[in-house]
Every structure is written in structure tokens, then in C-alpha cells.
Amino acid sequence: YAGSPAPTGSIGFTGVPANVVPMTDGITVPAGYTARVLIAWGDAIGKTGPEANTHWDPATEMTAARQLTTWGAHNDGMHLFPFPGNGAGNLANDRGLLVSNHEYVDPAQFVNITTPYTGITMTKAIVDAQVAGHGVSVVEVRKVNGEMKVQRPSAFARRITGATPCKLSGPAAGHALVKTAADPSGTTVLGTLNNCANGYTPWGTYLTCEENFNGYFGSTAAKLAAQPLTAHENRYGLAAAGFGYRWHEADARFDFRDNPNEPNRFGWVVEIDPWNPNSVPVKRTALGRFKHESAETVVGADNKVAVYMGDDERNDYVYKFVCAKKLDTKNRAANRDLLDAGTLYVAKFNADGTGTWLPLVWGQNGLTPENGFADQGEVLIKTRQAADRLGATMMDRPEWITHHPVTREIYLTLTNNNRRGTTPASSNKADGTTVAASARPPVDAANPRRDNRYGHIIRWTENGNDVAATGFQWDIFVECGDKLNANAHLQGNIIGDDLGAPDGLWFDKDGRLWIQTDQVGNATGDFANIGGNAMFCADPASRRITRFLTSPRNCEVTGITTTPDGKTMFINIQHPGEDWTGSFTANSTWPDSGFNGPTTQSGKAVVKPRSATVVITKDDGGVIGS
Ligand code: FEO
Ligand code: CA
Ligand code: CA
Ligand code: CA
């Protein structure tokens, strides 16, 4: 298998240099392009009423009330839904709904303190503000005098947060394991959290993926001594201190000993109808529960529908959900609950370049009561354990998935893994813990590097190009690396510009493959030569990779979407200046420095860097990348 013959749009720009030390604290794009800030954390989303143009002042504490009318924290996956219009497909290129995830928060940035967050007294108000910083924003964007801007006010403007009522649907809705004291029916969850990558459906809805939800929950040492972590809690990474948010200290909902089923209500794909500001987000349990990254919907020639998803954890899995019913291209309403019924599969990559989709169906392959699966609801709530039992292939942290617009070939980023093969324990530096060599899987054909600190991109085609097929053909598109690294194991095989930690991945309408990276972002250590995080454009036919954009200091480049004509691109810059132990502003003052155009806070003293969405245009009005 050498990949499908994939049509690629022309790639006509001259790449930009890597952002190495001393780093530029801003976005650079090729000559002939402009990158301009659209909206940043705390800027008004334009809700109708008096708050339409009221922006947060970053010198003050962020409150829940202010966050409910403003752009959330740490924007991540994103999609533009065009209005009807006069362009191709009767879609507008000058008006749309921009829907963005807000993955997580940096707590100290909210409370505006100089003392360490670990030492403050937690209050419900502090928790509520951070909860409100998560979730999803919907803003209307319009081109005014040739420039894309947020429309304020707009009846579509909306915030969905970690406290917005969401409906649980599908086989796990109402299950004993999702019932709580506050919701004895097990059907209504407050909010969505850690909304990382995303997807969208051909019927015009947005899919937001709940990734590291475990980090928000905690408990006390005394409660855990009385009732230790269960195997199920361990498999999903619950821990007494969580990721240090301390929410459980002021809100019992986040204490997983007080409310042991509350974590089971997170880790889902959530479907949102952005066109109805009053719609209730729906957690689609049929798609499984794990640390969801990406939900890439692919429609077959026969209108069968599949959704491809990764579980971003070292040595976890890749999944596919095939809808029981076909897409109805004539009647939007008929697709409303398409994601509630179908078959969830997990991938096995064989050494001979073939692959198998293994069904996660109750009663089959040992997914039975004797093995701890009482029903399909339990198979889904414990998706990871079900996949463990089936012998799926453990991957090097699956992140984004995208498909070629013509061939339907699937591409997946595997961002890195330091817990495979005979990696020395001292290399397990991500969270400071070590893993016994015996607990690490060996390398395999699909994950061939033992110390995979730069990651790779894998791709496959379904047998018969049928999205519902149970077999596929795969190969590795590229092993990322640093050609100047003294260790041959780490040099990779990139043709063109080196990169590491691929994460965001997206095909444009012409078949250009865009790759975004998420590494430490300060251009030191393993990334001294590669530079800070960046966005690259790849030609799937020649495999050549060219750097298109570099980013501010200590940020991640993520989220990508364009207008239907491909001439206006939106990307997200997440957590500029990030430093959980020191001063963010010492690292970055973007975007209010004005490096990429004026912001709502320009002209004031810059008190903190802010995650923001950026619009990229070509100065001659052409297609981005061409
Ligand atoms: Fe939130 Fe796996 O990136
Ligand atoms: Ca990601
Ligand atoms: Ca990542
Ligand atoms: Ca991130």
C-alpha cells in the first residue's frame, strides 16, 4: 500500500524560517499573506443586549458572569459553518458561524493573583469562573470592507460551558453508572469539559470532543484511603489531586468520592446545532467514552456515514463508529439522531499493512457479564477496557484525523510516545512518573519507534473504499524528526521542513494537507532546531512538507477552517506564554502587543497573553496555500 493517487492543490508559497531562539513573539506567514487577530479570550462574543460590546479587562479577575458573554479560554478545534449565499454550493464566503472549542484554563490567569494557585482558598465563585471558561463559543463572522470581523450583536452568539445542561443519548443514557444524586435519571449532564479537537457533520452540526476530563476531578486522601481507586477509575486516569485545578475543594460535583458517577458523564463526543441558539447539546454515547480527540465524519458513495476518532493517551486506541442508518441528503431533520445507533469499532494495525476493525458489541468477543460488561451501555462507559480485551493496537497518542476530499483516504497524527519498547525509565518525563519496562508495549509496525518523541502520521484506505468496511490498508505517511539530531532514531524521514509533535491535521478542499504542532513551544531541548510550534502544508503525493506559519512563544497552533472558497482561513493560537510555575507575560505578550494587528486591548499595558483566533488571507485574494 502506497496511498491513494491523491489530487493535490498547487502549493505556491515560499516557506517561512523556523522560529528558533531568540523567538519572535508573534505569527509569521509567507510573503504575500497577512495574519490578523479576530477575537481573543475575554472579548465580547456579541450576545444581543447590553453586553454585546463589553470586553473583559485582563487586568481584572475573570468571573463566570463575564465569561458567559465573552470568548472562552484556550481556543482549540474550530469550524466555520457558512451561511447560504451566492458562492459555490450556494454558500456564502463572507458570512458564517464560527464555532470554537475552549479546551482548558490556566487557573492563575483567571484569579489574577501573584501568589501560587496552590496556596489560595478555593471558593465556588473561582470554580464557576473556570467552568465557564470551558466549552464552546459560537460567533457570527461577516466580511466588512473586505475584512472578516465578529458581528456584534448577533442572535446566534452563544456560550456553552462546563455548566450548560446537556442531554445524554444513545445506549449509555440512563445507565446506572451515569446516574447521580442531582440527576437520578442519568440523562442530563451539566456541561462539557476539555473540548479539544472537533468535527462537524454533513447535516450542519458541530462535534466537540471531551479529552482530558479526568483532570478536573479530585478527592481527599482520607476518602481514597477508605475507598481506593477502582480499576475503572485507574484506567481513565482519576487521581486525588486531578491536574491541580482544586475544583473538588469547593464544588462536590467534582469530588469523585462524593459523586462517583459524575466522571462517567464526561469523555464523550457532544453534538451541537449552532443554527439554533436554544438547542440542547447532546452527548452521543454510542461513539464511546475515552479521551476524545477529533471526530472526523466521512460519507461514503452510498451515503453510509462513519466517524473516526482517537483516544489521546500513550498506548491507547483509534476508533470508528459506523451509523446504522444512511445519510438523508434531502431531509436535514432525518439525520438528527443518526449518531445514536450504529457500531463502534477499534482498530488493529497488522504488520503486513492490513488492518482490522474490531466491533465493540456487547455479547461478542468476551464483552459479556462474566467479564464485567452487563450491557452495551457498560461497554461504552468502559470503552477502553472493552478495547483492551479485544487486543486492539496500542498507538503513539492518536490526535487529529482528517480525510482526503476526493479519495476518502484517512490520515491520523500520532503525536509522541515515551512509554514504548525499551525506552529508559528516565525518558518518561511528561508527568515525572516512570513506567516499568515490563508495562510498556513493544514497538510494532504501525508504531515503529521506541522513543518516539517527534511522532508520526499514519494513513489508511478502507477496503473497497467503503466507510463501513471491517478491513483497511495502511502505511506510515511520515516519521517526524530533526535531521540534525545526533541520534539516527530521532532524525525522521521528512522531505522538506522538519517538525515534531504533529497534532492538528486538516485537508482543504483542494487536497492540501495542513499539519499543526503541539510541543513545548519554547524552541529548546529537542526543539532547538525545529523551533517553536508551527503550521505546515504537505503535498500527499510527493510527501513534501513546507512550513507556512510560525507562532508566538510557548503556545500551541491548533484549530483550522476556511470559508468555502478557501480564501479566508481561521486558526487558533492556544496558551501563548504558558508557564504553570512562573509568569506568562515574561514569555509572551501576544496578541495585545499588536504584532498581528490591533486587538480589543491594544493601547493598554499588556498584563497577560491571551489565546486567540487568527484570520489569514492572501494579499492577492487567492486561495490559502496556492
Ligand atoms: Fe488536547 Fe490531545 O490534545
Ligand atoms: Ca490536540
Ligand atoms: Ca497535543
Ligand atoms: Ca492543547
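Computed quantities for the displayed model
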item	result
Charged-residue dipole, Cβ positions (Lys, Arg, Asp, Glu), region 448-582 about Cα centre, Debye nearest 20	260
Charge-dipole axis of region 494-626 as Lys and Arg at +1 and Asp and Glu at -1 on Cβ define it, positive-most pick from 495, 527, 613	613
Cα-projected label distance for residue 493 with residue 52, points at 7 Å along beta-carbon direction, nm	5.7
Sum of side-chain charges, residue 142 neighbourhood, beta-carbon under 12 Å (Lys, Arg +1; Asp, Glu -1)	+1
Dimensionless Rg/Rh of region 128-260 - Kirkwood Rh, Rg from C-alpha atoms	1.06
Cα-centre dipole for region 460-538 with unit charges at Cβ (Lys and Arg positive, Asp and Glu negative), debye to 20	120
About the Cα centre, charge dipole magnitude for the chain (Lys/Arg +1, Asp/Glu -1 at Cβ), debye	540
Subset of 320/509; 179/291; 291/618; 167/348 violating a 28 Å alpha-carbon distance limit	291/618; 167/348
Spacing of the two label points (7 Å from each Cα toward its C-beta) at residue 60 and residue 234, in nm	4.9
Listed pairs 47/608; 330/567; 325/567; 124/223 exceeding 27 Å between Cα atoms	330/567; 325/567
Shape parameters for region 506-577, alpha-carbon atoms, Rg then Dmax in Å	12.9, 40
Between region 20-76 and region 334-404, the Cα center-to-center distance that results, in Å	38
Cα centroid separation - region 493-542 against region 183-209, whole Å	28
Residues 265, 419, sorted so that the one with the fewest Cβ neighbours within 10 Å comes first	419, 265
Surrounding net charge for residue 17, when Lys and Arg each add one and Asp and Glu each subtract one, Cβ distance under 14 Å	-1
Rg(Cα)/(2.2 N^0.38 Å) for region 236-338, N = residue count	1.34
Per-q log10 I(q)/I(0), the chain, q = 0.09 Å⁻¹ (Debye; single scatterer per alpha-carbon; no solvent)	-0.67
Fraction of antiparallel bridges per DSSP, the chain only, in percent to nearest 5	95
Ascending count of other beta-carbon atoms within 10 Å, so fewest first, for 535, 148	148, 535
Neighbour-count order for 79, 489, fewest beta carbons within 10 angstrom listed first	489, 79
Residue among 244, 77, 168 farthest towards the positive dipole end of the chain, charges placed on Cβ	168
Charge dipole of the chain about the Cα centre (unit charges at C-beta), most positive-ward option of 120, 368, 30	368
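Coordinate-derived values only; no laboratory data. Worth saying up front: this structure is predicted, and the values here are computed from it rather than measured. As a convention, Cβ positions derive from the backbone with ideal geometry for all residues, glycine included, and neighbour counts pool all protein chains shown.
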